[in-house]
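Taken together, the values in this text are just the output of simple stated rules run on the coordinates, not laboratory data. For clarity, every value in this text was computed on a predicted model and none was experimentally measured. Reconstructed Cβ throughout: ideal geometry from the backbone, glycine too, with neighbour counts over all protein chains shown.
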Amino acid sequence: MTTHTHPTLPEFDYIQPKTLAEASQFLAQHPDEARPFLGGTDVFVRMRDGFLTPKFLVDVKNLDGTNDLRFDPQAGLTLGAAVNMNRVIASPDVQEHYPLLAEACRLVASYQLRTRATVVGNICNASPAGDTIGACLALDGVLHVHGTGGLRREPLATFFLGPGKTTLKPGDIVTAVSFPVPPKGCAGAYLKLGRNKLSDLSLVGVTVLGSPDPGLPSRFRFRIVLASVAPVPLVAAQAEAVLAERAVAPESIRQAAQLASEASTPIDDVRASARYRKLMVRNLTEMALTEVWKKLQK
Amino acid sequence: MEKTNTPKSHSPVGESKPRIDAREKVTGAALYADDIQFGNKLLHARIKRSPYPHARIKKVDLTRARALPGVKAVVSGEDFSGYIGLYLKDRQIFCRERTRYVGDPVAGVAAINPEIAEKALGLIEVEYEVLEPVLNPEFGASPQAPLLHPDLGQYVVASFILPRPGSNISNHFKIRKGDVASAWKKCAAVIERKYRIPHIQHAPLEPHVAIAKVDESGEVTLWDSSQSPFAQRDLIAETLGISQSEMRVIAPLVGGGFGGKAGVSMESLAVAIATKVKGYPVKLLLTREEEFYTAFVRQGLVATFKMGCDKNGRLLAMENTFYWDGGAYTEYGVNITRAAGYSCTGPYEVPNIKADSYCVYTNHPVGGPMRGFGMPEMHAGLEQCIDELALQIGMDAVEFRRRNCLKGGSILPTGGKMHPTGLSECLEKAAEAIDWGKKAPPTAPNKRRGKGLALMWKAPAMPGNAGSSAWIELAEDGMLTLGVGCQDIGQGAFTVAAQMAAAAFGVPYESVRVATPVDTRYSPYEWQTVASRITWSTGNAIINAAHDARQQVLDLVAKAWDETPADLDIVNGMVVSFKSEREIPVKDLAIKGLPKADGKGWMGGPIIGRGNFMPADVTGLDPETGQGEKAVVHYTTGAQAIELEVDLDTGRIDILKGVAAFDVGKAINPDMVKAQMEGGLIQGISSALFECLQLKDGVVQNPSFVDYRIATSADLPKSVQSIIVEVPQDDGPWGARGIGEHSMVPTIPAIANAIYDAIGIRFEGPPFTAEKIYLAMLEAGIVKG
Amino acid sequence: MAFHEIKLTVNGGLEQVRIPSNMTLLRMLRESLALTGTKNGCSAGECGACTVLLNGEPVNSCMVLAVECDGAEVVTVEGLAGDQQLDPVQEAIIHSGGVQCGFCTPGVLISSRALLDRNPDPSEEEISEALVGNLCRCTGYIRIIEGVKEAARIQTARS
């Protein structure tokens, strides 16, 4: 919270590198002064609020394939870093194979903000409230990171270290996020509780992805990821385990929801109390699991 | 009442004419204050503000800020003397010895661009001694509270405001009527309840902006987004020690006001800084964040109600106490306290009344007028108590209201008599539209469904002599130009003004232009665009101006044709004679007059009509009893009904249906009246479900749209119905009364009553957030923990 | 601070401007090009009053750097109407009574135009979802939504 906000964006120098290598090099040379940006929807706000004071903003859009959205039936989906959320929502491939991702994007802010907002940006901001991160985690997203040492892959599962904190090092630029082909017959849901029906940040967000898995005792595998209730996007592992072990039924779903709630460590803030958030983790998880379970049975 | 002098032709009054300013607004041509181009001499102002809710200023050092290249002026409280304020002059332009809220202006900068101005703020050094703050109006009113305005006794104050020097009470309004103490014994049911209504903010889409320029000669021009150009001329000039005619205020279109741009707030800062950089226009534009905590906010209220009725449901007594959280300065807020005091019973006839309404200084943001002027806050609790009392004696809440609500001739809390009113009709129509008494099943098993209804009343709260004026001119093409000093803040004042001028003079609506922007140098005087008084008060001035112009035309033509004016009329811009059936277009004589019958010379001359209006019969009230002949000019009354569902999984409320029925006397433009009812209903829903300035130790925790949520296009009821009731006002233009504010007055209690109907729970106050509802349901065992 | 020379098309006309790095598209439109129809309501991407079309898609112009718009095509509210007639969204919102103070109107119209470009026959729900980023404090949105429905009809009739 800040009451003293700049009337304009504070002064900085806009840098537009021609290549990823150039970008990485510049960012690595100015570790405390330079910041990469994509849509800017988060960075600009935090600069006006005085939380960020970069001397250089490095535009990493339009670099080497960052605008590509590609789907391959074997390799899966790759979203370039600069692909905005409206493109993700409108993509027939995403709608057909990754509807959970489209739904999560649809619940982010407003249409005009989503013209600028990107999934990769959402991931890199590492806000616990990030709406699309749950879907990316549940869909086993992998980041393509370009650093001073070249290109590497980084699984999302170990990427988040704390609010705004990730494993990225100075010079690292995420160029894309890719997803394997989702498990056959899977179904997902993203339930978001905001103060308004749409456009708000999530007070609590629950992402569920379920799929048939004959190797498990319950014969179904569920991924459950929680938003806004921990320092990082939280995978509710114990809840997932219950649904892997026990037959999926209202009783086990309730138990899983309860475990998800117990795993969450929300805080009190201006948006909601920790107590309410914990209760809503339980209720929304139960609702999301029930919804996904219904879809799986069809 | 139709004026006898009004043309007999087809009248545009009562027709839903399109907005006069719609085309310029949809093409982007409409000019707002921040849109005016001033060229490269324009300076940008920023304000250094107190970070503490209450502090003594020990030292202000401007040296480093002044030395920054690009800075043209740096000022502080030392540079200006005097006090400013509408009803109570308790505010300094820049703080001198003391700061009283987080955001209180301590110093100001003007620089060649906003970035430099912002940098300069960081170079201003202020030393404070932090003082104990007052953060609660009940405590603030107590003798234990630190005194925030030790000079209260010396402040200049309007005659009808009653401050208590030596305390933090800047106005105490009382009603003592009948015998409350003995009335309780006669009651079959008595309830006592306490409510807390939080601060909210107007949140107009256009933030406050003011551009001021002082000439070398000392003449001041202020361009700003304003509901009150004339009041600003008067108050700012007086405080700066210049004469009013040297101060010119130009006020283009207003991007939403809701009261927040009434009176004087940040505009005086821009003018004060501009006096130090003569010749340079100085712009002060509030950030959205500043808008939330430094512009006016709606005062908080702590209200207790005690009310009782007999076994037939007749209200016998009320004892109401209001502690208004007036904030750091109550120059405008004192009159909200008074308005709530004289309207304290709501729209009901109550024989025995004891009421105390206190305006209390606190170290919170400055309370000011907001749509409804105390009535939404006051009705929020009152209309829930009415439901509870009805329940206690086992009577249907609509029936209870039917019996007790004001009718023409009912005795008012201040002693006078109620004028004819359509309140009962509003009640019946709202109840019918919501299918009162019928319970529909919820739309899903995890929902609870409920209905609620509330009544309201509100009078324009203003000095008894608040005046309006208007002029009318004609051009060679027969177009009529109407000069008014009222402001179009979105409510449609200019459109309705044009319709009334057209009807009163006798031209089509399309033949009227309104002379804008309002400019105190050329526009006729208007007190302020507030209080839902424009249609009524300016409307009367417009009729007088139109009739004046009309009479000039008719007299001239009568003379030329050797007829009597009574046989003539102006119809669609033509003067016609019923006697001789002759006719002549008004445009043929409007500028150049007519030749004399003998051909030797001319008669007439450019037609210009003038008219004014001021209420004549508002009386003062006894300071001890609040009794008097006529406290206000009139009351607009109405009802709202709500049907909603509560989601048991989350506590979320879904409004299924909203009904509004108001008695507007006469709808000059029915579509725009309905638009006011809809807009007010949604703003009311927004205030009931979402809005609250979260104050912690005097700091607003949510000063942005990120965390001060307002209703969006996705939060609407599934259906909305607006019902116009027309019981004419005897002194209103065509019988009209105002409707701007009223449409959000009963919304909070209507929703609260519907929530109670759904889940059987009542709350201390809004907003009825999903969290609040859910946790209360948990407490009540409706949902499981 | 660095300055940049950029070229872009605004409402069909070519513009060449010199702007500092920190200038937003919103400020450039209002201050450098005097296109003041686009409004500044919050500078934080929350209110939508500054919405313009950037390469055919709506954006909050307060959240876009002017320098990012080199080579871009921008349409503001001033560019909606043709020489002969208003855009259907403009015409319809006048008739539906969806304009009050008018400050949110430019952004509302741009969002509505973008909606009808991608979906010529939107449902009421699709309209309200498309407009959640355009706050309006006056109208309660009801007549705005009616206006967009009407605009879709006008657009179909014209084509």
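The alpha carbons of the range B:479-541 stretch over 28, 24, 20 Å along the principal axes, in descending order. Residues whose amide H falls under 5 Å from that of residue B:48, counting only those 5 or more places apart or on a different chain, are B:106, B:107, B:108, B:109, with hydrogens built in the peptide plane. Oblate is the label for the range A:125-231. Its Cα gyration tensor axes, ordered a ≥ b ≥ c, give a/c of at least 1.5 and b/c at or above a/b. Between residue B:181 and residue B:66, residue separation times 0.36 nm minus the direct Cα-Cα distance comes to 35.0 nm. Using C-alpha pairs under 8 Å with a sequence gap of at least 6, the mean separation divided by the residue count of the range C:88-158 gives a relative contact order of 55 percent. The Cβ shell under 10 Å around residue B:441 holds other residues with a net charge of +3, Lys and Arg each +1, Asp and Glu each -1. Return the lysines within reach of residue B:587: Cα separation strictly under 18 angstrom, same-chain partners fewer than 8 residues apart disregarded; answer none if there are no such residues. Within reach: B:559, B:596.
Ordered by the number of other Cβ atoms lying within 10 Å of each residue's own Cβ, fewest first, A:261, C:43, A:211, B:182 fall into the sequence B:182, A:211, A:261, C:43. Here are some pairs, B:17/B:579; B:174/B:306; A:61/C:7; A:18/A:61; B:41/B:276; A:192/B:772; which of them have Cα atoms lying more than 22 Å apart in this structure? Result: B:17/B:579 exceed 22 Å.
Taking the beta-carbon count within 10 Å as an exposure proxy, list B:378, B:266 from fewest neighbours to most. The fewest-first ordering by Cβ neighbours comes to B:266, B:378. Using only alpha-carbon positions in the protein assembly as shown, the gyration tensor eigenvalues give semi-axes of 50, 37, 32 Å once each is multiplied by 5 and square-rooted (largest first).
A simple rule links phi to the HN-Hα coupling: the Karplus curve 6.51 cos²θ - 1.76 cosθ + 1.60 with θ = phi - 60°, which for the range C:40-49 gives 9, x, 8, 6, 9, x, 9, 9, x, 5 Hz, with x for Gly and Pro. A Förster radius of 56 Å combined with the Cβ-Cβ distance from residue B:78 to residue B:555 puts the calculated FRET efficiency at roughly 0.40.
Under the rule a/c < 1.5 gives rounded, and otherwise a/b versus b/c splits prolate from oblate, where does the range B:137-272 land using the Cα gyration tensor? Prolate shape, in that a/c is at least 1.5 and a/b is the bigger ratio.
On the beta carbon distance between residue C:84 and residue B:113, with R0 = 56 Å, the FRET formula returns roughly 0.85.
With a 10 Å cut-off around each Cβ of C:28-37, the average count of Cβ atoms from other chains is 3. In this structure, the amide hydrogen of residue B:178, modeled 1.01 Å from its nitrogen in the peptide plane, lies closer than 5 angstrom to those of B:353, counting only residues at least 5 positions away or on a different chain.
Listed by Cβ neighbour count within 10 Å, with the fewest neighbours leading, B:774, B:83 appear as B:83, B:774. What the Kirkwood sum gives for the range A:187-297 is a hydrodynamic radius of 13.8 Å, with every pair of different alpha carbons counted.
Can you grab the distance from the C-alpha centre of the range A:251-275 to the C-alpha centre of the range B:490-511, Å, no decimals? Going from one Cα centre to the other spans 59 Å. Inter-chain Cβ neighbour count for A:276-283, averaged per residue, equals 5 (cutoff 10 Å, partner chain atoms only). On the basis of the beta-carbon distance and an R0 of 51 Å, residue B:439 and residue A:70 show a calculated FRET efficiency of 0.35. Distance distribution P(r), the range C:88-158, all Cα-Cα pairs, bin width 5 angstrom from 0: 4, 20, 35, 27, 11, 3, 0 percent.
Per residue of peptide C:92-100, the mean number of Cβ atoms on other chains within 10 Å of the residue Cβ is 6. The shape of chain B comes out oblate: with a ≥ b ≥ c from the C-alpha gyration tensor, a/c is at least 1.5 while a/b does not beat b/c. Phi angles across the range A:74-79 convert, under the Karplus curve 6.51 cos²θ - 1.76 cosθ + 1.60 with θ = phi - 60°, into 3J(HN,Hα) values of 9, 7, x, 9, 10, 9 Hz, Gly and Pro given as x.
Packing, as the average of other Cβ atoms within 10 Å across residues, places the peptides B:335-347, B:105-117 in the order B:335-347, B:105-117, highest first.
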